[in-house]
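Mind looking over this structure? Questions follow.
The values are calculated or read from the model by the stated rules, or taken from the named source; none is laboratory data. Since the model is a prediction, treat every value here as computed from it, not as a measurement. Here Cβ is always computed from backbone atoms with ideal geometry, including for glycine, and neighbour counts include all displayed protein chains.
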Amino acid sequence: MEFLILIGLLWLIGAIFGNKTPKVPPVDPKVEAEARANAARWQAAFDEKYKRWIEQALTFAGQRRWIPKGTAKRFLASHPAPKHHETGVRFTYLSDCFRGR
């Protein structure tokens, strides 16, 4: 019986003093607003580059139903995809697919 009481006390001490989450330092609102503005500017610049890249791909492949074999590889070799400042073009393409763009 004493063993169960000891286990209960250890659990109580662990619940009271353990598992403390670290305090997050406060963020300056000016710095946060500047970071959001920069992210929005970078996203707008990337969206424009991505739109131009897609237009180039469509004109390169033509308006046919099927893209001939090797055309995509030649296009990517001559026109590399734009790089996103955070994730890369693959993630952006997938997120566009899920958002329905």
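Rundown of residues vs (1) on the phi < 0 side of the Ramachandran plot; (2) surrounded by 12 or more Cβ atoms within 10 Å (Cβ to Cβ); (3) polar (S, T, N, Q), yes/no style:
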{"site": "Pro22", "(1), (2), (3)": "yes, no, no"}
{"site": "Lys49", "(1), (2), (3)": "yes, yes, no"}
{"site": "Ala57", "(1), (2), (3)": "yes, yes, no"}
{"site": "Gly70", "(1), (2), (3)": "no, no, no"}
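Further question: Which fully enclosed helices (runs of 4 or more DSSP H) of the chain have 3 or more residues being at pLDDT 90 or above? Show your work before the answer.
Numbers: elements: 2-17, 29-61, 71-78, 89-99.
Those helices (runs of 4 or more DSSP H) span 29-61.
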